[in-house]
Amino acid sequence: MRGSRQVRTAIMGTVGVLAWLAVWQWVTTGGPLTDVVGIPTATDTLRTATELATDSNFWSQVGQSFAVALIGLAIALLIGLVVGVATGLSEVANDLLDPLVQFLRPVPPVVILPLILLIVGPTDTLAVILATIGALWPILVQVHIGVRDVDPVAIDTARSMTLSWKATQANIVLPSALPYIATGVRIAASLALMLSIGAGILGGSPGFGQAISTAQQTGQSATVFAMLLWAGVLGITLNGGLALLETQLIHGRRPEATS
(Lines give C-alpha, C1' and ligand atoms only; values in the text may rest on other atoms or scores of the structure.)
Protein backbone atom coordinates (compact mmCIF):
# COMPACT_ATOMS: atom_id res chain seq x y z
CA MET A 1 0.00 0.00 0.00
CA ARG A 2 2.73 2.43 0.97
CA GLY A 3 4.72 1.61 -2.17
CA SER A 4 1.73 2.21 -4.44
CA ARG A 5 1.05 5.53 -2.72
CA GLN A 6 4.64 6.63 -3.32
CA VAL A 7 4.43 5.62 -6.99
CA ARG A 8 1.17 7.53 -7.37
CA THR A 9 2.70 10.59 -5.70
CA ALA A 10 5.70 10.44 -8.02
CA ILE A 11 3.50 10.11 -11.12
CA MET A 12 1.23 12.97 -10.09
CA GLY A 13 4.24 15.15 -9.29
CA THR A 14 5.76 14.45 -12.70
CA VAL A 15 2.48 15.24 -14.45
CA GLY A 16 2.24 18.50 -12.49
CA VAL A 17 5.77 19.57 -13.49
CA LEU A 18 5.14 18.74 -17.17
CA ALA A 19 1.86 20.67 -17.11
CA TRP A 20 3.60 23.65 -15.53
CA LEU A 21 6.33 23.58 -18.20
CA ALA A 22 3.70 23.36 -20.96
CA VAL A 23 1.85 26.40 -19.58
CA TRP A 24 5.15 28.28 -19.24
CA GLN A 25 6.06 27.50 -22.85
CA TRP A 26 2.65 28.60 -24.09
CA VAL A 27 2.47 31.93 -22.23
CA THR A 28 5.95 32.90 -23.47
CA THR A 29 5.50 31.85 -27.11
CA GLY A 30 1.86 32.50 -27.97
CA GLY A 31 0.26 33.70 -24.76
CA PRO A 32 0.11 36.97 -22.81
CA LEU A 33 3.84 37.03 -21.96
CA THR A 34 5.11 36.57 -25.53
CA ASP A 35 6.61 40.05 -25.83
CA VAL A 36 7.72 40.46 -22.23
CA VAL A 37 11.45 41.09 -22.08
CA GLY A 38 13.31 39.11 -19.44
CA ILE A 39 11.08 36.03 -19.35
CA PRO A 40 12.58 33.20 -21.44
CA THR A 41 10.66 30.25 -22.81
CA ALA A 42 10.65 26.95 -20.97
CA THR A 43 12.66 25.29 -23.74
CA ASP A 44 15.35 27.99 -23.66
CA THR A 45 15.58 27.69 -19.88
CA LEU A 46 15.84 23.90 -19.93
CA ARG A 47 18.46 24.04 -22.68
CA THR A 48 20.52 26.51 -20.67
CA ALA A 49 20.10 24.38 -17.52
CA THR A 50 21.42 21.38 -19.45
CA GLU A 51 24.42 23.39 -20.62
CA LEU A 52 25.13 24.50 -17.04
CA ALA A 53 25.17 20.84 -15.97
CA THR A 54 28.36 20.37 -18.01
CA ASP A 55 29.98 23.65 -16.91
CA SER A 56 32.72 23.01 -14.35
CA ASN A 57 32.80 26.68 -13.33
CA PHE A 58 29.09 26.53 -12.49
CA TRP A 59 29.58 23.52 -10.23
CA SER A 60 32.56 25.22 -8.60
CA GLN A 61 30.29 28.14 -7.69
CA VAL A 62 27.62 25.74 -6.42
CA GLY A 63 30.21 23.90 -4.34
CA GLN A 64 31.42 27.15 -2.84
CA SER A 65 27.89 28.05 -1.71
CA PHE A 66 27.34 24.53 -0.36
CA ALA A 67 30.59 24.74 1.62
CA VAL A 68 29.56 28.06 3.12
CA ALA A 69 26.13 26.66 4.02
CA LEU A 70 27.69 23.64 5.72
CA ILE A 71 30.07 25.81 7.74
CA GLY A 72 27.19 28.01 8.85
CA LEU A 73 25.13 24.93 9.69
CA ALA A 74 27.96 23.43 11.76
CA ILE A 75 28.42 26.66 13.73
CA ALA A 76 24.67 26.94 14.28
CA LEU A 77 24.52 23.31 15.44
CA LEU A 78 27.28 23.88 17.97
CA ILE A 79 25.68 27.03 19.38
CA GLY A 80 22.20 25.51 19.27
CA LEU A 81 23.28 22.42 21.18
CA VAL A 82 25.05 24.38 23.91
CA VAL A 83 22.32 26.98 24.39
CA GLY A 84 19.44 24.57 23.83
CA VAL A 85 20.71 22.05 26.36
CA ALA A 86 21.42 24.82 28.88
CA THR A 87 17.97 26.40 28.57
CA GLY A 88 16.29 23.02 28.45
CA LEU A 89 17.87 21.75 31.65
CA SER A 90 18.19 24.92 33.70
CA GLU A 91 15.32 27.24 34.54
CA VAL A 92 17.86 29.91 35.49
CA ALA A 93 19.56 29.72 32.08
CA ASN A 94 16.18 29.71 30.36
CA ASP A 95 15.03 32.81 32.28
CA LEU A 96 18.27 34.59 31.41
CA LEU A 97 18.46 33.70 27.72
CA ASP A 98 14.86 33.28 26.61
CA PRO A 99 14.07 37.04 26.37
CA LEU A 100 17.10 37.55 24.12
CA VAL A 101 16.18 34.54 21.98
CA GLN A 102 12.57 35.70 21.63
CA PHE A 103 13.79 39.18 20.67
CA LEU A 104 16.31 38.05 18.03
CA ARG A 105 14.47 35.07 16.53
CA PRO A 106 11.86 37.06 14.54
CA VAL A 107 14.52 39.32 12.97
CA PRO A 108 15.12 38.19 9.35
CA PRO A 109 18.84 37.68 8.61
CA VAL A 110 18.48 39.84 5.48
CA VAL A 111 17.60 42.82 7.69
CA ILE A 112 21.05 42.82 9.27
CA LEU A 113 22.82 42.15 5.95
CA PRO A 114 23.78 45.83 5.44
CA LEU A 115 25.41 45.94 8.88
CA ILE A 116 27.38 42.74 8.29
CA LEU A 117 28.31 43.97 4.81
CA LEU A 118 29.79 47.12 6.32
CA ILE A 119 31.88 45.07 8.76
CA VAL A 120 33.19 42.18 6.64
CA GLY A 121 32.44 43.28 3.07
CA PRO A 122 31.25 41.03 0.20
CA THR A 123 33.20 37.98 1.32
CA ASP A 124 32.58 34.36 2.23
CA THR A 125 32.42 35.50 5.85
CA LEU A 126 29.27 37.49 5.07
CA ALA A 127 27.58 34.37 3.71
CA VAL A 128 28.75 32.23 6.65
CA ILE A 129 27.34 34.72 9.17
CA LEU A 130 23.97 34.90 7.40
CA ALA A 131 23.79 31.12 7.05
CA THR A 132 24.64 30.69 10.73
CA ILE A 133 21.98 33.15 11.88
CA GLY A 134 19.31 31.60 9.69
CA ALA A 135 20.15 28.03 10.71
CA LEU A 136 20.53 28.74 14.42
CA TRP A 137 16.91 29.26 15.43
CA PRO A 138 15.35 26.01 14.14
CA ILE A 139 18.13 24.01 15.78
CA LEU A 140 18.01 25.95 19.05
CA VAL A 141 14.24 25.65 19.36
CA GLN A 142 14.23 21.93 18.55
CA VAL A 143 17.09 21.16 20.95
CA HIS A 144 15.35 23.10 23.73
CA ILE A 145 12.06 21.27 23.19
CA GLY A 146 13.84 17.92 22.85
CA VAL A 147 15.71 18.36 26.12
CA ARG A 148 12.53 19.46 27.90
CA ASP A 149 10.83 16.31 26.59
CA VAL A 150 13.39 13.94 28.15
CA ASP A 151 11.75 11.57 30.62
CA PRO A 152 12.33 13.00 34.13
CA VAL A 153 12.45 9.46 35.49
CA ALA A 154 15.51 8.78 33.32
CA ILE A 155 17.21 11.89 34.68
CA ASP A 156 16.40 10.92 38.27
CA THR A 157 17.70 7.41 37.62
CA ALA A 158 20.96 8.83 36.31
CA ARG A 159 21.31 10.97 39.42
CA SER A 160 20.61 8.01 41.70
CA MET A 161 23.33 6.08 39.87
CA THR A 162 25.68 9.06 40.46
CA LEU A 163 26.36 9.48 36.75
CA SER A 164 28.42 12.54 35.96
CA TRP A 165 26.84 15.50 34.20
CA LYS A 166 28.74 14.71 31.01
CA ALA A 167 27.69 11.05 31.08
CA THR A 168 24.06 12.04 31.65
CA GLN A 169 24.08 14.35 28.64
CA ALA A 170 25.86 11.85 26.40
CA ASN A 171 23.85 8.77 27.38
CA ILE A 172 20.40 10.08 28.24
CA VAL A 173 19.66 13.68 27.25
CA LEU A 174 21.13 13.90 23.74
CA PRO A 175 19.94 10.43 22.57
CA SER A 176 16.43 11.23 23.81
CA ALA A 177 16.49 14.61 22.07
CA LEU A 178 17.95 13.20 18.83
CA PRO A 179 14.62 13.15 16.93
CA TYR A 180 14.13 16.83 17.62
CA ILE A 181 17.75 17.68 16.78
CA ALA A 182 17.52 15.79 13.48
CA THR A 183 14.37 17.70 12.53
CA GLY A 184 16.01 20.99 13.43
CA VAL A 185 19.07 20.23 11.33
CA ARG A 186 16.91 19.28 8.34
CA ILE A 187 14.99 22.56 8.50
CA ALA A 188 18.12 24.60 9.21
CA ALA A 189 20.11 23.11 6.31
CA SER A 190 17.66 24.44 3.72
CA LEU A 191 17.73 27.87 5.36
CA ALA A 192 21.53 27.88 5.44
CA LEU A 193 21.72 27.03 1.74
CA MET A 194 19.10 29.64 0.86
CA LEU A 195 20.92 32.36 2.80
CA SER A 196 24.35 31.42 1.45
CA ILE A 197 22.93 31.92 -2.06
CA GLY A 198 21.05 35.05 -1.01
CA ALA A 199 24.25 36.57 0.38
CA GLY A 200 25.72 36.36 -3.11
CA ILE A 201 22.67 37.88 -4.78
CA LEU A 202 22.16 40.72 -2.30
CA GLY A 203 25.63 41.20 -0.84
CA GLY A 204 28.00 40.08 -3.59
CA SER A 205 29.54 37.16 -1.71
CA PRO A 206 31.38 34.74 -4.00
CA GLY A 207 29.48 31.64 -5.10
CA PHE A 208 26.24 30.56 -6.71
CA GLY A 209 24.32 33.69 -5.69
CA GLN A 210 26.91 36.00 -7.20
CA ALA A 211 26.68 34.03 -10.46
CA ILE A 212 22.90 34.54 -10.51
CA SER A 213 23.35 38.26 -9.84
CA THR A 214 25.96 38.59 -12.60
CA ALA A 215 23.67 36.86 -15.11
CA GLN A 216 20.82 39.18 -14.13
CA GLN A 217 22.96 42.30 -14.49
CA THR A 218 24.12 41.26 -17.96
CA GLY A 219 20.61 40.49 -19.18
CA GLN A 220 21.01 36.69 -19.44
CA SER A 221 17.45 35.88 -18.49
CA ALA A 222 17.60 32.24 -19.59
CA THR A 223 20.69 31.73 -17.45
CA VAL A 224 19.00 33.35 -14.43
CA PHE A 225 15.94 31.13 -14.77
CA ALA A 226 18.10 28.04 -15.36
CA MET A 227 20.13 28.76 -12.23
CA LEU A 228 16.93 29.23 -10.24
CA LEU A 229 15.78 25.82 -11.46
CA TRP A 230 19.07 24.30 -10.34
CA ALA A 231 18.75 26.06 -6.97
CA GLY A 232 15.36 24.39 -6.53
CA VAL A 233 16.71 20.99 -7.52
CA LEU A 234 19.63 21.33 -5.12
CA GLY A 235 17.35 22.42 -2.29
CA ILE A 236 14.97 19.50 -2.84
CA THR A 237 17.89 17.07 -3.03
CA LEU A 238 19.41 18.40 0.18
CA ASN A 239 16.12 18.28 2.06
CA GLY A 240 15.30 14.80 0.74
CA GLY A 241 18.70 13.43 1.70
CA LEU A 242 18.47 14.84 5.22
CA ALA A 243 14.89 13.60 5.60
CA LEU A 244 16.07 10.10 4.67
CA LEU A 245 18.95 10.34 7.14
CA GLU A 246 16.56 11.63 9.78
CA THR A 247 14.26 8.67 9.24
CA GLN A 248 17.15 6.23 9.54
CA LEU A 249 18.35 7.86 12.76
CA ILE A 250 15.04 8.02 14.56
CA HIS A 251 13.21 5.06 12.96
CA GLY A 252 10.47 7.12 11.40
CA ARG A 253 9.74 9.39 14.33
CA ARG A 254 9.74 12.99 13.09
CA PRO A 255 8.43 15.48 15.64
CA GLU A 256 7.99 19.12 14.77
CA ALA A 257 8.36 22.09 17.06
CA THR A 258 5.12 23.78 17.97
CA SER A 259 6.53 26.98 19.35
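For the condition in a loop (DSSP other than H, G, I, E, B) and either open to solvent by less than 30 Å² (accessible area, probe 1.4 Å) or of a type in the set (Asp, Glu) (or both), what is the one hit in 150, 85?
On the way: 85 fails: in a loop (DSSP other than H, G, I, E, B).
Result of the check over 150, 85: 150.
Do we find a residue being β-branched (Val, Ile, Thr), open to solvent by 20 Å² or more (accessible area, probe 1.4 Å), in a helix (DSSP H, G or I) and in contact (Cβ under 8 Å) with a residue 60 or more places away in the chain anywhere in region 163-176? Give the derivation first.
So the first thing to find is which residues in region 163-176 are β-branched (Val, Ile, Thr), and the list is 168, 172-173.
Those still in the list that are open to solvent by 20 Å² or more (accessible area, probe 1.4 Å) too: 172.
Imposing the further condition that a residue be in a helix (DSSP H, G or I) reduces the set to 172.
Checking the rest, the ones that are also in contact (Cβ under 8 Å) with a residue 60 or more places away in the chain come to none.
So far as region 163-176 goes, no, none of its residues is β-branched (Val, Ile, Thr), open to solvent by 20 Å² or more (accessible area, probe 1.4 Å), in a helix (DSSP H, G or I) and in contact (Cβ under 8 Å) with a residue 60 or more places away in the chain.
Looking only at residues that are open to solvent by 20 Å² or more (accessible area, probe 1.4 Å) and part of a loop (DSSP other than H, G, I, E, B) in region 194-209, which one is farthest from residue 38 (Cα to Cα)?
206
Have a look at 48, 43 and point out the one that is open to solvent by less than 30 Å² (accessible area, probe 1.4 Å), among the hydroxyl-bearing types (Ser, Thr, Tyr) and part of a helix (DSSP H, G or I). Spell out how you get there, then give the answer.
Values: 43 fails: open to solvent by less than 30 Å² (accessible area, probe 1.4 Å).
Step by step, each of 48, 43 is checked, and only 48 is open to solvent by less than 30 Å² (accessible area, probe 1.4 Å), among the hydroxyl-bearing types (Ser, Thr, Tyr) and part of a helix (DSSP H, G or I).
Applying the selection to region 210-232, what residues are farther than 20 Å from residue 36 by Cβ and touching a residue at least 12 places away in the same chain (Cβ under 8 Å)?
Passing the criteria: 210, 211, 213, 230, 231.
Just to be sure before I move on: is residue 126 assigned to a helix (DSSP H, G or I) and open to solvent by less than 40 Å² (accessible area, probe 1.4 Å) in the structure I sent? Please lay out each step first, then the result.
Values: assigned to a helix (DSSP H, G or I): yes; open to solvent by less than 40 Å² (accessible area, probe 1.4 Å): yes.
It is true that residue 126 is assigned to a helix (DSSP H, G or I) and open to solvent by less than 40 Å² (accessible area, probe 1.4 Å).
For a quick check of your reading of the model, give me the residue pairs whose first member lies in region 113-131 and is in contact (Cβ under 8 Å) with a residue 12 or more places away in the chain and of a type in the set (D, E, K, R), whose second is open to solvent by 10 Å² or more (accessible area, probe 1.4 Å) and outside any helix (DSSP H, G or I), with beta-carbon atoms closer than 9 Å and at least 6 apart or on different chains.
124/206
Condition check ((1) open to solvent by 80 Å² or more (accessible area, probe 1.4 Å); (2) in contact (Cβ under 8 Å) with a residue 40 or more places away in the chain; (3) among the aromatic types (Phe, Trp, Tyr)) across all residues:
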{"position": "7", "(1), (2), (3)": "yes, no, no"}
{"position": "22", "(1), (2), (3)": "no, no, no"}
{"position": "58", "(1), (2), (3)": "no, yes, yes"}
{"position": "65", "(1), (2), (3)": "no, yes, no"}
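The values are calculated or read from the model by the stated rules, or taken from the named source; none is laboratory data. Computed from a prediction, not measured in an experiment: that's the story for all the values here. We place every Cβ from the backbone using ideal geometry, glycine too, and count neighbours over all the protein chains shown. Protein only, heavy atoms only, side chains kept; ligands, DNA and RNA dropped before computing areas. Shrake-Rupley method; radii C 1.70, N 1.55, O 1.52, S 1.80 Å.
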